[in-house]
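J.: Here's a structure for you.
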Amino acid sequence: MCRPDPGTVARDSLADLTRGMPVECHEVAPGSVACRAGGRDLACAMVASGAATPLGSMRNCPPPPPRAPLVDRDNIPPAWAILSFLGAVNIVAVLAVAFDNYRRRRGFGAIADRLLVMLALIGAGGGVLAAQFALAGRDEERQLSGMVAVILGLQIGAAIGLVLL
């Protein structure tokens, strides 16, 4: 595999650093210019991005800003709000499965599977599965229970991952 051209990497990095910002340059010594964009020294920013190597006085660059966390824990809703939402959605899911059973027994036909899958996607997988088994759900489940179980498993895995992050 070919290595990218260093000049192209440096050009693209500089373009990313200055995009949408005015660039201010001033002469610091005869034949030497210092430029800033958005309050950042461009030479130091280029070194921090790995697109340039430090020379002489550039070794005094401030450390790069810390990387933003993957999950901003300040903007997560409180636990009571999340649990209330999940409880309400699961109650709606149980009622939807019960209504589905009622319609099928009366001969009106089943409700669309995509409604139950949509409820599972927004957090009611447990309610859909529990109601299907408790209310002696669909005779021919059409792989709905398996799909809902996979969705529920992915959601549980994602929740555990967020807690451990």
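Every number in this text was worked out from the coordinates using simple rules, so none of it is lab data. Since this is a predicted model, take the numbers as computed values, not measurements. Note that we place each Cβ from the backbone using ideal geometry, even for glycine, and neighbour counts take in every protein chain shown.
J.: Using Cβ contacts closer than 10 Å as the measure, can you line up L55, L164, L86 from fewest to most?
T.: So the residues, fewest neighbours to most, are L164, L55, L86.
J.: Next up: Rule-of-thumb check for the chain: C-alpha Rg over 2.2 N^0.38 Å?
T.: Working it through for the chain, the quotient is 1.86.
J.: Divide by every residue of the chain the summed helix terms, -39500 (n - 2.57) for each DSSP H run of at least 4, and state the resulting mean residue ellipticity at 222 nm, rounded to the nearest 500 deg cm²/dmol.
T.: My calculation for the chain gives -17000 deg cm²/dmol from helical runs alone.
J.: Still on this structure: If r is the Cβ-Cβ distance from I122 to R67 and R0 is 30 Å, what FRET efficiency results, to the nearest 0.05?
T.: Numbers: r = 31 Å, r/R0 = 1.03.
FRET efficiency, I122 to R67: 0.45.
J.: In which sequence would M147, M118, M46 go, from the one with the fewest C-beta neighbours within 10 Å to the one with the most?
T.: So the ranking, lowest neighbour count to highest, is M118, M147, M46.
J.: From the phi angles alone, apply the Karplus equation (6.51, -1.76, 1.60; θ = phi - 60°) to region 44-54 and give each ³J(HN,Hα) in whole Hz, x where the residue is Gly or Pro.
T.: 5, 5, 5, 5, 5, 7, x, 8, 8, 10, x
J.: Something else: Quick one: length gained pulling A81 to A110 fully straight, 0.36 nm per residue minus the C-alpha distance?
T.: 7.2 nm
J.: Using Cα-Cα distances under 8 Å and only pairs 6 or more residues apart, what relative contact order does the chain have, in percent?
T.: RCO, the chain: 14 percent.
J.: Something else about it: Which shape class, rounded, prolate or oblate, goes with region 1-43 when its Cα gyration tensor gives a ≥ b ≥ c as root eigenvalues, a/c under 1.5 marks rounded, and past that a/b bigger than b/c marks prolate?
T.: oblate
J.: Further question: With contacts defined as alpha carbon pairs under 8 Å and 6 or more residues apart, what's the relative contact order of region 6-60 in percent?
T.: With pairs under 8 Å counted, the relative contact order is 30 percent.
J.: If I build a Gaussian network model for the chain, linking alpha-carbon pairs within less than 10 angstrom, which residue out of G39, G127, G87 has the largest mean-square fluctuation?
T.: G39
J.: Relative to the longest principal axis of the chain, what angle (0 to 90°, nearest 10) does the C-alpha long axis of helix 144-164 take?
T.: 40
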